[in-house]
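The structure appears below as structure tokens.
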Amino acid sequence: MRIRRYTLLLLAVYYIFIGGSPYYTQFFAVRAAHHVIMTVVLGWWLLTRLRRGLPAAPVNRAVFVLIAVWGIASLAGLDPRVSLETSWSLLVNVILLFVFIDLFQQGYQALVYEVQFFIAALIVILSVYNLVSWYFGLGLFPGTDSAWISTLPLQLPRLFAPMGVSTWLAGYTAPLTILSFAWGSAAKKPAARSAYYALAVSLLIVTLLTVSRGGLIALAGGGGVLVALRILPRWKRLARRTRTLMLAGGGLALIALAAGGVIIARNPERMIGDALRVDLWSSAAAIGSDHLLLGVGPGQFGRALRDYRNPSNVDDRLTTAHNLYLNTFAEIGLIGLVAVSAVLVVGALSAWRRVRSVTDAAAQWRLYGAAAALIAFGLHSVVDTFTLPALVTLPILLGATLVSARQTDVPRPAPLEQRIGAAALLAMLLAYGAAFVQWDRAHAAFNQSVRSGSLDAAREAQALDPQLNLYSIQVNYLTALQSDDLPTQIAAYEAITALEPTWDLAWMNLGALYERQGSIPAALDAFQQANSINHENGANLHWARLAEQAERADPDAIVNGYFRGYWTSGFLPLPLSEFWSMTPLRERARDQIAELLGHEAQYRVYAVIDPERAAALVPSDPVEAGDWWIKGEAVLAADPARAVEYFSEAIRLAPYHGDYYAARARAYLAVNPSAALQDLDAAAVFGTYYEFPNATRAVLAATDEERRQFQLAALPPLIDDQNFEGVLYLGRVGSFTLLPEARRPGPGTPVLAPWYALAEDFAATGHTSEAMQMYQIILAYAPEERAAEDALRQLEAR
């Protein structure tokens, strides 16, 4: 028994926190090892079941029908190769369902739930570490490098550890909150009851700190179901006053949860997310309607979405419809929905019969808790789609609990049917194991080609796994990158766009190559194609640039192209680059951009390019925080002490605005350097939009080495967008970059000053290679920086 307990505990910890966690897609070693471990562990279990067959349960036949639908939908989908690999996770889920049913039928329910609650306790502990790391700036988790302990006012974070995303964490902890409460109510020993209730309260706090509306929906719905299951059978026997109090309490709880959801929804970022979610839902419905019977294939929603989404509201990271039911309809169609519904209906009827047959009050509480927690997960799935294996184990466990009965109470089908089922699952698992040997070898070769730029490694990956388009894309990408022949480069990118016609980066690079060739109409068409896929990739700007140069459009259309092309995703610098001053049409677009950004951004822009116009924006009677910031910025050079006063007033009115702390830190440089450091810490905690705190830290640095480090980190890094390949190819990512002609303009020479200073410092001290590297970094960041280009040319001529 002890060996079984520790083995089960070890496997659970591995699956939840390593193999089934986001590490699976983040680290190839974890991915490859997980394939081996799951094949060996589940394969061994199936091997032991060959003689006895699968555990008997009412859902067995419906589950195998669903497996068949998955297989057919995969082969008929948009990308059968990727869908087949996606289906491996679905197969693992099915086998885990039978493993749990087997354990429960053998009487190990207490052991399995002991492990589950241990995992829940670990989740709480890791969430506490998340809070501690955030408060003290320990950096144990991403985004917790800056300490809140020295910063006021305090603002609670959104917890995400250890699931990696706050909504995923809420999707796990909300049902566990209900389940823990039910087990606490069923416990007979006071110590056990207190422990379960303490765990439930801890999980509730974690769920609330995720600030997830889906989590609130799950808590409200699942909690309401649990109360209803316990109260309704004896509702008429309760006193009227008791019923009134219970109704009032339930109503107040629902009002409180609804109010919390409304408060969260008022966040502007949430409003943007809501608009995106609505677009996902409408796209999913349209995808399912166009592929009515079998959908687009398991795991293919992210691919299909690129043809259906609103290109003005894009998030390339999304792989699902954020609604489990619409996502299922889109990926496996109407037939798939019927198959899933059959499993759910058969399971629900079986669960109802089992609940009615149980007479022990404690056992009823536990079954009610499992049902309520499963319903909570289903309600949360209306606004999210959970595919993370670590998360999916919870509803599998709950479902197995509800459909499992004691082995003696289960009507057993013919032993042959059970054995055939076990043999079929084992054959499928082993077939996948053999396939992963080849697929993972190809993946390893692809990763080597990404790291080293090896064309031979890319061709090896292509030869090992020719059905995966990503490897052919990598071969063509490296061919274009390493060739000096323009027709060869163009042919390579034309092959890429033929393979993946919804990849905007490829279209933009193809447009840049057509521009080099002098084929302006083709270049314009390529940039227009990229813009039709995603309005926030900057393609519109380059269409306007070429249209202006070749006089291919009227001025208003060109200005509109510049204007729309400015709004790119990611770090959005102000239009301070010399690019925006090169033509009158660009100046018109810049003025429109500055006006839309607001009066603070307008002041920042005109303070650099038109000081007289900036002076006209300084308010004589400041009211809002932004007014006080502008007034402080206007007097900063002449009177830093007064600027501190004005910035302090802005901070009083907007205490969570990091830019104001960074601005006051610049003022403190001449007044109180130690206070400047404190404000820089606050700016790091709250985050900044237009200020660059590390540039100020460089001024305060104690050593040359420290100063250089801050100068190097003055601007946010240039990050390659890996979402396209990551979404379409199950987490495999490359290192695809835009050509200089297709990149957006940089933040401007004044903003790049720390990097220029660092490059000049390297050059003056004889570190020529480091200076050249810095100028190359500047040009990668801002291809239009002629000063960096001239300086690099001079260093190369030495």
Matching residues in the range 528-538 - criterion: being touching a residue at least 60 places away in the same chain (Cβ under 8 Å) and in a helix (DSSP H, G or I): ASN531, SER532, ILE533
Boolean, PRO413 is at pLDDT 95 or above, closer than 30 Å to LEU367 by Cβ and open to solvent by 10 Å² or more (accessible area, probe 1.4 Å): no
Scan of the range 179-188 for residues that are under 31 Å from the mean Cα position of the chain (by Cα) and closer than 16 Å to ILE119 by Cβ, ordered by number: LEU179, SER180
Would you mind telling me which numbered condition in (1) outside any helix (DSSP H, G or I); (2) modelled with pLDDT of 95 or more; (3) of a type outside the set (A, V, I, L, M) ASP484 fails? (2)
If you check ALA663, ALA675, ALA683, ALA670, which single one turns out to be in a loop (DSSP other than H, G, I, E, B) and either surrounded by 21 or more Cβ atoms within 10 Å (Cβ to Cβ) or out of contact with any Asp or Glu (no Cβ under 7 Å at 6 or more places or on another chain) (or both)? ALA670
Residues in the range 565-573: is at least one modelled with pLDDT under 95 and farther than 24 Å from ALA530 by Cβ? no
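Residues to consider are VAL69, VAL41, VAL63, VAL59; find the one that is open to solvent by 30 Å² or more (accessible area, probe 1.4 Å) and in contact with a helix residue (DSSP H, G or I) (Cβ under 8 Å, 6 or more places away or on another chain).
VAL41
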Are any residues in the range 109-145 of a type in the set (Gly, Ala, Ser) and either over 16 Å from PRO175 (Cβ atoms) or modelled with pLDDT under 95 (or both), and if so, which ones? ALA110, SER127, SER133, GLY137, GLY139, GLY143
Out of all the residues in the range 463-472, is one or more under 26 Å from SER89 (Cα atoms), open to solvent by 40 Å² or more (accessible area, probe 1.4 Å), modelled with pLDDT of 95 or more and among the hydrophobic types (A, V, I, L, M, F, W, C)? yes
I'd like the residue in the range 72-93 that is assigned to a helix (DSSP H, G or I) and farther than 25 Å from GLY19 by Cα and, out of all such residues, is most open to solvent (accessible area, probe 1.4 Å). LEU75
Just wondering, is there one or more residues in the range 320-340 that are among the polar types (S, T, N, Q) and open to solvent by 30 Å² or more (accessible area, probe 1.4 Å)? no
Please go through the range 562-599 and pick out each residue that is part of a helix (DSSP H, G or I), within 21 Å of SER312 (Cβ to Cβ) and open to solvent by 20 Å² or more (accessible area, probe 1.4 Å). PHE563, ARG564, GLN592, GLU595, LEU596, LEU597
Go through (1) at pLDDT below 95; (2) surrounded by fewer than 20 Cβ atoms within 10 Å (Cβ to Cβ) and name the single condition GLN602 misses. (2)
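The values are calculated or read from the model by the stated rules, or taken from the named source; none is laboratory data. This is a predicted model, so every value here is computed, not measured. Backbone-built Cβ (ideal geometry, glycine too); neighbour counts: all protein chains shown. We work out accessible area using only protein heavy atoms, side chains counted, and drop any ligands, DNA or RNA first. Shrake-Rupley method; radii C 1.70, N 1.55, O 1.52, S 1.80 Å.
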